[in-house]
Amino acid sequence: MSGYDASAAARVVVGVSGSLGSVTALCRGAAEARRRGGELWPVLAWEPPGGDLAARRSPASVLMVEEWQRLARQQLVHVLDEVFGDAGPGVPMCALIVRGTPGRALVETACRDDDVLVVGAGQRSWHRAFSGWVARYCLAHATCPVLAVPPSPLESELAAVHRRNTWRLRLEPRHLLEKTEKVPPEA
């Protein structure tokens, strides 16, 4: 990045994992970067399988680090391509892969006071206590403003379909009619 002045533009740092929540956060982060006239910094954090402690214990893991980095880079490129396509986000973008836990990687990347950190808030359900830990970590440790984006309404619909398939329940056509009647025609 020679000749690049990182302090010149406002940054919107977004945690990306490929989950529906992170895709929603990425779209919101791109809109926020456009609104602020800043740059979009999507960050994918990765760790060796089993964590760094397990990787240090295994001599073979040293040989695998490059492969794990390649897979993380490939996943980030795939998500960015799926979300933005060839058109891109409409703002300058600096995509990063960072080795470390997601919360710490995001907080360390969004280290300036004028940064904005955008994260998915996690699912709204009974197991909420076990989800959204990255968002909670970022809210507790970030030195910049944090925007916790609620999950997309489609995420709860997808979870309901998944539960229905898991329990092998029949899909009643009247449920589909009730859902479509609630959606306004211009949506």
Can you tell me which residue within region 130-187, out of those that are at pLDDT 75 or above and in a loop (DSSP other than H, G, I, E, B), is surrounded by the most Cβ atoms within 10 Å (Cβ to Cβ)?
P151
Can you tell me which residue is nearest to the chain's Cα centre (by Cα) among those in region 27-47 that are crowded, with 24+ Cβ neighbours inside 10 Å and assigned to a helix (DSSP H, G or I)?
G29
Keeping to region 92-107, report how many residues are small (G, A, S) and part of a loop (DSSP other than H, G, I, E, B).
2
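The values are calculated or read from the model by the stated rules, or taken from the named source; none is laboratory data. Please read all numbers here as calculations on a predicted model, not as lab measurements. Glycine also receives a Cβ, built like all others from the backbone with ideal geometry; neighbour counts cover every protein chain displayed.
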